[in-house]
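First, the structure itself, so that you have it in front of you.
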Amino acid sequence: MSETLHSHPNRAGLASVLERLRDALGENLLEAASADDMDEAAILPAGLHPAVNVLRAAGFNLLADIGATDHLPLTPRFEISYHFIAIDETSKLVIDPPRYRLRVFPDDVNPVVPTLCGVWLSANWPEREIYDLFGVHFDGHPNLTRILMPDDWQGHPLRKDYPLRGPDRRFAAGGRLGSVPPVNPT
Amino acid sequence: MSAIDLSKFDNNPDLIVSQGDERDTLVISMGPQHPSTHGVLRVMLKLDGETVVTSESEIGFLHTGIEKQAENLFWQQAITVVDRADYLAPLSNSLCYVLAVEKLLGIDALIPPRAQVLRVIFTELTRIASNLVQLGTHAMDLGAQSIFMYAFEMREQILRIMEFVTGARMHQSWFRIGGLALDVPSGFLDILDEFIKSFPERLTDMRAILEKNVIIMDRLIGVGRISAADAIAWGLTGPNLRASGVAYDVRKALPYSGYETYDFDICVHDGGDCYGRFVVRLDEMKQAWRIIKQGREKFPGGPVVIDDPKIVPPPKTDIQHSMEALIHHFKLVSSGFNVPEGRIYQAVESPRGELGMYVTSAGGNKPWRVRWRPPSFYNLQALKALAPGNLIADVVAIIGSLDPVFGEVDR
Amino acid sequence: MSPHQPFITTKLDEFANWARTSAIWPMTMGLACCAIEMMSIVSPRYDTSRFGAEVFRSSPRQSDLMIVSGRVANKMAPILRQLYDQMPDPKWVISMGACASTGGIFDNYAILPGVDRILPVDVYVPGCPPSPDALIYAIMQLRKQIEAGGKAMVLAKNV
């Protein structure tokens, strides 16, 4: 990997973030690492709000993304990843803004993560998307409904145990033409 | 076939129609088939007369399952599927994905300079093409139909260059992990020079019609204003953020593909309204042209792919007389290559903002997870804050100025 | 035309078909990437207004032709069907691009494997996306179909 990432000046300031995370989270902090692209911390859902407060106090003001990964067959299975950037609004040119990644590992069978909706404006839709595609519940979300799939869809498509082609094809038999045979689900 | 069911909005607290107030409000549904929503978007607007009180958007009408499809294709094959998310700037998607995988493989420092320069030139050409579509459709929404014609004619020139080099007008799938698919044909430099010579004048003409135009200024100044702090809180990036005065551009903040060696400015405006976003995009086209010009001046020779047969197939001519080349080619096509275990978040500056991909590899020959950070998803979410207080016609202008691409929003 | 059809109504039919082909008004059914190439056919280089198909009507009640351009997600399918039902007769459908014709490169849970599962299609245009020339050729083929009364199977031949 390129040299510049490891030696870039903003990384030095992030050591204090790690200390504050340790203090605030206690046992909810599973591990913290300095990965190749940015610093990251793996935490349990109970530590999400304290961690977000620590990061906000450290100047991280842009929540770039909330995403999810399904690591089946490994446990813990679900990883909800939060990417933060610290942007100086008043700067003439933002160069090398500090970045941070939080990885939250909820329970495998009943995944529940507290919502960031009241705390961060941009959290609403990504959390709905993760609920829709992975089935992770966000505790306290004002409108946790499907956002990308049709409302009557069963199942959570991006889970690893969901087949690529889905359980069946909609509009297969009984369509107006009916000349196209239904696809066998894999 | 299920009938179209809007009853899920009945209990939405934002959209409840007030009864017994001084004024009654009305909820209308705009889309998903609509000339001005720039794609398939349904916006439920609660109106007081013609003024919007609240809005609620519904997306998902173009959900394609790109992320799941990419998990079932080899690393190299996934480039074709990745292109089709942000379909106005396909090479941006490709670039982000390819850079992420190259970092996971550890070959990002080995990409030959000619490939880097060509990647930059073509990404900037894509940026100009995408901004021209935004300009044309936005102006058409505001009523200036002839601008659509001019913008698309300018875009045709760029698409001809793309077709000349890569064979496709859109969805070029030309970037590869390790460099490029093919080198540029002879004659490329001539048509690129022609573009470099003719574009500034056409852009100046376009700006002359639009930038100080009374109607454009009346319709866009003060509409959809968002402050810098709010923009950052909503996760806006790209021209939408720069129009609010925040000088954040991933090309300068976290340079990739050699962008630190090019001399260009970041376009910032402090209005925070639709006019600011409009002007920023016009300025960006000029800066993109500057970068292309510098790329043309650099234009190094040399190979366009790294010399590693485990990742990049050897030239076809070698297959005829070298057993190793044949075997490598066979292995790469039939079972791809393995990428070491790891995860990386790679960001590039797409015409819409920070396009990020959080790629996770489990050590196999297929991506384990390609998580998009789609800029349009976050830009569009901010419509909830931008729409209230404006007229319906202004909502159309705001959606146009946010420049959403639904392939990216819905994936 | 069959020789046993009466003379006047045959001529009227021909006149009606000529009128229909000369002014096919498409509806804006731009879904995804193909929509951009569909917009390009209105642009000056691939001008379709010389074929009478200039006006893109947004309202289905005022259009003749639905060009399904782009991948059809499961959520969008009932809406497509409702729009098709709202179009007055005579109406035609062009399925533009690989995704609308067969599902294209997306063989998964989210995309309809061809819009002909829910609509009767008159012309299929392959390509990903098809170039504007290909779409104009498709419109030409459709015009031949309409002129032939819609009863002839017009096979695309090499020009």
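The numbers here are math on the coordinates, done by the rules we state, and not lab data. Everything quoted here is computed from the prediction, not taken from an experiment. Glycine gets a Cβ as well: all are built from the backbone with ideal geometry, and neighbour counts include every protein chain shown.
Can you list the lysines whose alpha carbon is less than 26 Å from that of B:Lys384, not counting same-chain residues fewer than 8 positions off?
Reachable lysines: B:Lys8, B:Lys46, C:Lys75.
Could you work out, for the stretch B:66-381, what percent of all Cα-Cα pairs fall into each 10 Å distance bin, beginning at 0 Å and stopping at the bin that holds the largest distance?
With a bin width of 10 Å, the distribution comes to 6, 26, 33, 23, 9, 3, 0.
Shielding of C:119-130 by partners, i.e. mean partner chain Cβ atoms within 10 Å per residue?
2
Hey, another quick one. So if I place +1 on the C-beta of Lys and Arg and -1 on the C-beta of Asp and Glu, and nothing else carries charge, what would the dipole magnitude of the protein assembly as shown be about its Cα centre? I want it in debye, nearest 20.
I would put it at about 1560 debye.
Here's another thing I want to ask about it. Averaged over all directions, how much area does the convex hull of the C-alpha atoms of the stretch B:278-347 cover when projected, in nm²?
Dividing the Cα hull surface by four gives the mean projection, 8.5 nm².
Further, regarding this structure: Can you give the Rg/Rh ratio of the stretch B:128-174, where Rg is from the C-alpha atoms and Rh is the Kirkwood radius?
Radius of gyration relative to Kirkwood radius: 1.08.
Here's something else I'd like to know. Straight-line reach from C:Lys144: which lysines have a Cα under 27 Å away, not including same-chain ones fewer than 8 places off?
C:Lys11, C:Lys91, C:Lys157
Just counting partner chain Cβ atoms within 10 Å, what average do the residues of peptide A:146-154 show around their Cβ?
6
Continuing with the same structure: Eigenvalues of the Cα gyration tensor times 5, then square-rooted: what semi-axes does that give for the protein assembly as shown, in whole angstrom, largest first?
40, 32, 28
Given a cut-off of under 8 Å on Cα pairs at least six residues apart, what relative contact order in percent is computed for chain C?
23
For chain B, set up a GNM with springs between Cα atoms under 10 Å and report which of B:Gly65, B:Gly271, B:Gly178 has the largest fluctuation.
B:Gly65
Going 7 Å from the Cα of A:His49 along its beta-carbon direction, which residues of the stretch A:118-134 have the amide nitrogen within less than 17 Å of the resulting point?
Of the residues in the stretch A:118-134, A:118-121, A:123-124 have backbone N under 17 Å from the label point off A:His49.
Calculate, for B:Glu341 and B:Ala385, the FRET efficiency according to 1/(1 + (r/R0)^6) with r their C-beta to C-beta distance and R0 45 Å; round to the nearest 0.05.
Efficiency at R0 = 45 Å is approximately 0.65.
What span do the alpha-carbon atoms of chain C cover on each of the three principal axes, reported in whole Å from largest to smallest?
Extents along the principal axes, in whole Å: 53, 33, 33.
Could you work out [θ]222 nm for the protein assembly as shown from helices alone, using -39500 (n - 2.57) per DSSP H run of at least four and dividing by all its residues? Round to the nearest 500 deg cm²/dmol.
That calculation yields -11500 deg cm²/dmol at 222 nm.
Let me ask something else about it. From zero outward in steps of 10 Å, how is the percent of C-alpha pairs of the stretch B:303-411 spread across the bins?
13, 25, 23, 18, 12, 7, 2, 0
Here is a further query. Can you tell me the Rg and Dmax of the stretch B:71-181, counting just the alpha carbons, in angstroms?
Both quantities, over Cα of the stretch B:71-181: 15.6, 50 Å.
Ranked highest first by average number of other Cβ atoms within 10 Å, how do C:119-127, A:90-98 line up?
C:119-127, A:90-98
Using only the alpha-carbon atoms of the stretch B:263-307 as identical scatterers, what base-10 log of I(q)/I(0) does the Debye formula give at q = 0.21, 0.24, 0.27 Å⁻¹?
-0.73, -0.83, -0.92
Pick from C:Ala53, C:Ala98, C:Ala16: which is most flexible by mean-square fluctuation in a GNM of chain C where alpha carbon atoms under 10 Å apart are linked?
C:Ala16
Something else now. Which of B:Asp283, B:Asp193, B:Asp24 moves the most in a Gaussian network model of chain B with Cα springs under 10 Å?
With Cα springs under 10 Å in chain B, the top fluctuation among B:Asp283, B:Asp193, B:Asp24 is at B:Asp24.
Over the stretch B:308-363, one equal point on each Cα, no solvent: what is log10 I(q)/I(0) by the Debye formula at q = 0.16, 0.18, 0.22, 0.25 Å⁻¹?
-0.67, -0.72, -0.81, -0.89
Still on this structure, please answer the following. What's log10 of I(q)/I(0) for the stretch A:3-114 at q = 0.14, 0.23 Å⁻¹, Debye sum over Cα points only, no solvent?
Each listed q corresponds, in turn, to -0.57, -1.34.
Could you order peptides A:107-114, C:129-136 by the average number of other Cβ atoms within 10 Å of their residues, highest first?
The densest-packed peptide leads the list: C:129-136, A:107-114.
Please find the FRET efficiency linking B:Lys197 to A:Asp168, where r is the Cβ-Cβ separation and R0 is fixed at 51 Å, and quote it to the nearest 0.05.
For R0 = 51 Å, the calculated efficiency reads 0.35.
Other chains' Cβ within 10 Å of A:66-75 residues: what's the mean?
Partner-chain Cβ atoms within 10 Å, mean over residues of A:66-75: 3.
Among B:168-177, B:240-249, B:285-294, how do they line up by average Cβ neighbours within 10 Å per residue, starting with the highest?
So the peptides B:168-177, B:240-249, B:285-294, ranked by packing, come out B:240-249, B:168-177, B:285-294.
For the protein assembly as shown, what proportion of DSSP beta bridges, expressed in % and rounded to the nearest 5, is antiparallel?
That works out to approximately 70 percent antiparallel.
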